[in-house]
1. Restricted to segment 146-167, and to residues that are surrounded by 16 or more Cβ atoms within 10 Å (Cβ to Cβ) and small (Gly, Ala, Ser), which residue is modelled with the lowest pLDDT?
2. For Ile146, work out the one condition from (1) over 28 Å from Leu232 (Cα atoms); (2) under 16 Å from the mean Cα position of the chain (by Cα) it doesn't fulfil.
3. Looking at segment 50-62, is at least one residue over 30 Å from Trp172 (Cβ atoms), at pLDDT 90 or above and of a type outside the set (A, V, I, L, M)?
4. If you go through segment 171-178 one residue at a time, do you hit one that is in contact with a helix residue (DSSP H, G or I) (Cβ under 7 Å, 6 or more places away or on another chain), touching a residue at least 24 places away in the same chain (Cβ under 8 Å) and aliphatic (A, V, I, L, M)?
5. Among the residues that make up segment 136-145, is at least one of them part of a helix (DSSP H, G or I), of a type outside the set (Asp, Glu) and touching a residue at least 24 places away in the same chain (Cβ under 8 Å)?
6. Here are the criteria: (1) more than 21 Å from Leu60 (Cα to Cα); (2) of a type in the set (Ser, Thr, Tyr); (3) touching a Ser or Thr at 6+ places or on another chain (Cβ under 9 Å). Tell me which single one Thr293 does not satisfy.
7. Within segment 1-44, take every residue that is exposed (fewer than 11 other Cβ atoms within 10 Å of the Cβ) and outside any helix (DSSP H, G or I) and give me the one that is modelled with the lowest pLDDT.
Amino acid sequence: MTKPKKPFSLAQRQAIWAYIFLLVPLTFFLVIRLYPAFDALRLSLLDFRSPLKPAPFIGLDNFKELLEDSVFHKALWNTLLYTLIGVPAQLALGLGIAMLLSSINRAKGFLRAVYFAPYITPIVASAWVWQWLLNKNFGPVNAIMIGLGLPAQPFLQSPDQALFAATALVVWQQLGFQIVIFIAGLEGVPRIYYEAAALDGANPWQRFRFITLPLLNATIVFSIVVATNGFLQLFTQIANLNPTDKGGPLDSTLTVALYIYRQGFDSSRFGYASAITVVLFIIILLFTILQLTVLRKRVDY
């Protein structure tokens, strides 16, 4: 005579349902994220130009071509410049504005919404508005400069100014996210530390240097990693700032992600585009590991 099976306990049922619900995002991650990543590595070893034609195996030839591709070198340098300029600017402005918003009581919610609005605005719309603002012939920015007696500037039409103008767009568009993150971090810092420091005679800079920054370390590291990954993968803003010459003028705003698009969909060189994707993935991975290793510190008071 077989013994009747014992029903699952409440904890076991909860665990089973937890695994079932976790299976959905795990499947999405495997299919949408991991599979394309590994498939890009496979395609990077092929001369893949069309799914209707055979793709011969060429080994590392695509990666060897990258070493001699001056346009790729330009795109890589531009991407690093975007990151080196944009990330510090984004973090400094985000933290500064977050501290100002945390120090006021009136209209705090309204001001938070105003600063966050560009982040939820469609990127394409933001890029087109920015293009209109900086237009040399009828843009409001140049109109103000002319009114002040200054010469009109080409901005997005100048190879020397376009990258900085594009960086300003990305910083402005992503600033609201950084402000929200820093406000959350600042609200997690116990006020008692500031009160004790004030009683000991610490000035505002000393309170910022020895209390705010150390206790915001985890928030700062998160913000740096997110901002760096965003700048290294810049695409939509740059592609729409100059729709007739993506990455122009003279490739002065070209990014690695945009170059991948151009090689894959404009030139139908999907194998070569996949090789660039693999290189970009390695760069992002190395940046992330380096930042998490160097910047992350444990602080206790």
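The values are calculated or read from the model by the stated rules, or taken from the named source; none is laboratory data. Since we're looking at a predicted model, the values are computed, not measured. Cβ placement follows ideal geometry from the backbone for every residue including glycine, while neighbour counts extend to all protein chains displayed.
1. Residue satisfying both the conditions and the ranking: Ser158.
2. Every condition holds for Ile146 apart from (2).
3. Among the residues of segment 50-62, at least one is over 30 Å from Trp172 (Cβ atoms), at pLDDT 90 or above and of a type outside the set (A, V, I, L, M), which makes the answer yes.
4. Yes - at least one qualifying residue is present in segment 171-178.
5. No, the conditions are met nowhere in segment 136-145.
6. Condition (3) is where Thr293 drops out.
7. Going through the qualifying residues, I end up with Met1.
Residues are listed down the side, and each one gets a yes or a no for (1) in a helix (DSSP H, G or I); (2) at negative phi; (3) modelled with pLDDT of 90 or more:
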{"residue": "Gln173", "(1), (2), (3)": "yes, yes, yes"}
{"residue": "Ile183", "(1), (2), (3)": "yes, yes, yes"}
{"residue": "Val189", "(1), (2), (3)": "no, yes, no"}
{"residue": "Ala198", "(1), (2), (3)": "yes, yes, no"}
{"residue": "Arg207", "(1), (2), (3)": "yes, yes, no"}
